[in-house]
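A short worksheet on the structure shown next.
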Amino acid sequence: MGSRFPSLRRLLGDRTPAGFPGVLEPGEDVLDSAAVEDGGHLVVTALGLWIPSDGAARRVGWHLIGKAAWADGVFVLTESVETGTAGSAVVLADLPPVRFRLPSPGKVPHEVRLRVDGSVRSRHRQEIGAGGAWFVQRKVPGRDGTVLQVRPDPGTDVTLVGAIAEQVAAKLVNPAE
């Protein structure tokens, strides 16, 4: 009898994959999912992308996906982490890319692209010394408004980037300055 429940769940609109170990927020519906060759699933919700992690699952918010690429049956995710703040701006750094082989991806790569792109309200590249930084305004899932994120290139003076980000964030809040 238990083998019929996943089909019944899907018929009733629940797209959560059988055995999914993540704990969804109330109202966080699964929009699509794809099994990962090595185990687990990539699961798309309005709040982010759930990825397999140490036998469990964890959600990466759409605003913390620095890059997502799909080619030759492999989905490559570059997750960003918050390393500090500069005024009301958030300073980010990218983690090493993680690869997921998806034998039957369905619409997951497309859904991820839509949501990552949809989280971006504006972006600007600023050259700073021998490096540079991306300044991106993004919508944070489940919150009103936007956040200014700054992602310095490796080797770029983070103190200088932080000072610029603090000024930009202040002007976004008080445009007359």
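The values are calculated or read from the model by the stated rules, or taken from the named source; none is laboratory data. If you're wondering where the values come from, they're calculated on a predicted model, not measured in any experiment. Glycine also receives a Cβ, built like all others from the backbone with ideal geometry; neighbour counts cover every protein chain displayed. With ligands, DNA and RNA removed, areas are computed over all heavy atoms of the protein, side chains included. Shrake-Rupley method; radii C 1.70, N 1.55, O 1.52, S 1.80 Å.
About its Cα centre, how strong a charge dipole does the chain have in debye, to the nearest 20, once Lys and Arg get +1 and Asp and Glu get -1 at the Cβ?
Using only the charged Cβ atoms, the result is roughly 500 debye.
Of the listed values (1) 17.8; (2) 19.3; (3) 17.4, identify the label whose number matches Kirkwood radius over Cα pairs in Å calculated from this model.
(1)
So for the stretch 116-177, taking the charge dipole from beta-carbon charges (+1 Lys/Arg, -1 Asp/Glu), which of 124, 165, 146 sits furthest toward the positive end?
Projecting each Cα onto the dipole axis, the largest value belongs to 146.
Determine the gain in length on full extension of the stretch residue 144-residue 38; use 0.36 nm per residue of separation and subtract their C-alpha separation, reporting nm with one decimal.
34.5 nm
Calculate the spin-label point distance for residue 31 paired with residue 83, positioning each point 7 Å from the Cα along the beta-carbon direction, and give it in nanometres.
Taking the two extended label points, one gets 2.9 nm.
Who wins for biggest fluctuation among 80, 53, 119 in a Gaussian network model of the chain, springs between alpha carbons below 10 Å?
Maximum fluctuation in the GNM of the chain, among the listed residues, is at 53.
Got the relative contact order for the chain handy, in percent, Cα pairs under 8 Å and 6 or more residues apart?
Once divided by the residue count of the chain, the mean separation gives 17 percent.
Given labels modelled 7 Å from the Cα in the Cβ direction, how far is it in nm from residue 160 to residue 53?
Reported label-point gap for residue 160 and residue 53 is 3.4 nm.
Summarise the accessible area of the stretch 93-165 (1.4 Å probe, protein heavy atoms) by the percent that is carbon and sulfur.
55
Which percent of the accessible area of the stretch 12-88 is formed by carbon and sulfur heavy atoms (probe 1.4 angstrom)?
Carbon and sulfur together cover 49 percent of it.
With contacts defined as alpha carbon pairs under 8 Å and 6 or more residues apart, what's the relative contact order of the stretch 90-165 in percent?
Reported relative contact order: 29 percent.
How large is the accessible surface per residue of the stretch 114-177, computed with a 1.4 Å probe and reported in Å² as a whole number?
61
Would you calculate, for the chain, the mean residue ellipticity at 222 nm contributed by helices, counting each DSSP H stretch of 4 or more residues as -39,500 (n - 2.57) and dividing by all residues, to the nearest 500?
Calculated at 222 nm, the ellipticity per residue is -6000 deg cm²/dmol.
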